[in-house]
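So the structure is just underneath, and the comments pick up after that.
The values are calculated or read from the model by the stated rules, or taken from the named source; none is laboratory data. Model, not experiment: these values are computed from the prediction. Counting neighbours? That spans all protein chains shown, and the Cβs are built from the backbone with ideal geometry, glycine included. Please note that ligands, DNA and RNA were not included when accessible areas were found on the heavy atoms of the full protein model with its side chains. Shrake-Rupley method; radii C 1.70, N 1.55, O 1.52, S 1.80 Å.
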Amino acid sequence: MYLKEKSLENLIIDGENPYFSAVGTMLLSKDGKFLAAELGDPAVAEIPEGVEEIGPMAFEKIGSFTRVRFPATLKKIGEKAFAGTAVTKVEFPDSLESIGAQAFSYCRGLTSAEFCDGLKEIAPQAFEGCPIGEVYIPASVAVLGNNSFLAISTYPGQISQSFRIDSANTHLQTDGIALYTATE
């Protein structure tokens, strides 16, 4: 897997542009609700307050940052948004509703993910290839895509992995080793 090499230090968008705006090296929609792309190589991925959606592949394969800070306004993380990055821990805001397909796939240093109440969907392969030790799924998660956590503990020398689901979750079940869709 390769990492993107980026050297942009600042992005300037004409204030008269009716479609886009910028914060540092991030390209956003004019209203600031959609983050389309990170065009630099930040030390910390700090998503601006007001962003509701992080677009597909927005930070994919940017290699330098290990931390990401999400705004309280975030509702959706797009497909492959952080795939292949060096992020080590994520704490999602209570506003987050959906994590897209392969959003954090192959973040090989990602050992901790704190899911929030209010999260409704974790799409297929969202955390594929991530060595997360303990996965706790809140009661609000109704949709868990296929292979959402595929192969996260198969790397040599990795810690063992366990799954827990909030007891109030009526959609999913676990045996501690794997996650399943609950049957009636």
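Worth a mention:
- The 3J(HN,Hα) values that the Karplus relation (6.51, -1.76, 1.60; θ = phi - 60°) gives for region 30-36 are, in residue order, 4, 7, x, 8, 10, 9, 7 Hz. Gly and Pro appear as x.
- Sites LYS30 and LYS120, calculated FRET efficiency, Cβ-Cβ separation with R0 35 Å, nearest 0.05: 0.80
- Heavy-atom accessible area per residue - region 3-95, 1.4 Å, Å²: 51
- Answer label for Cα Rg over 2.2 N^0.38 Å (calculated), chosen among (1) 2.27; (2) 1.64; (3) 1.05: (3)
- Cα-based reach from LYS30 at 16 Å (exclusive), listing aspartates and glutamates while leaving out same-chain residues under 8 positions away: ASP14, GLU16, GLU38, GLU49, GLU52, GLU53
- Spacing of the modelled spin labels on GLU46 and VAL143, each 7 Å from Cα toward Cβ, amounts to 3.3 nm.
- The accessible surface of the chain, taken with every protein chain in place and a 1.4 Å probe, is 50 percent carbon and sulfur.
- Among ASN17, ASN169, ASN146, residue whose mean-square fluctuation peaks in a GNM of the chain (springs only between Cα atoms under 10 Å): ASN17
- Summing Lys and Arg as +1 and Asp and Glu as -1 over all other residues whose Cβ lies under 15 Å from the Cβ of SER167 gives a net charge of -2.
- Cα centre as origin, Lys/Arg/Asp/Glu Cβ charges: region 59-141 dipole, Debye: 320
- Comparing Cα centroids, region 6-55 and region 56-100 end up 14 angstrom apart.
- Think of region 1-141 as having a plus end and a minus end, set by charges on the Cβ of Lys, Arg, Asp and Glu; of PRO93, LEU39, ALA22, LEU39 sits farthest toward the positive end of this dipole.
- Counted charge near PRO18, where neighbours are those whose Cβ lies closer than 13 Å (Asp, Glu -1; Lys, Arg +1): -2
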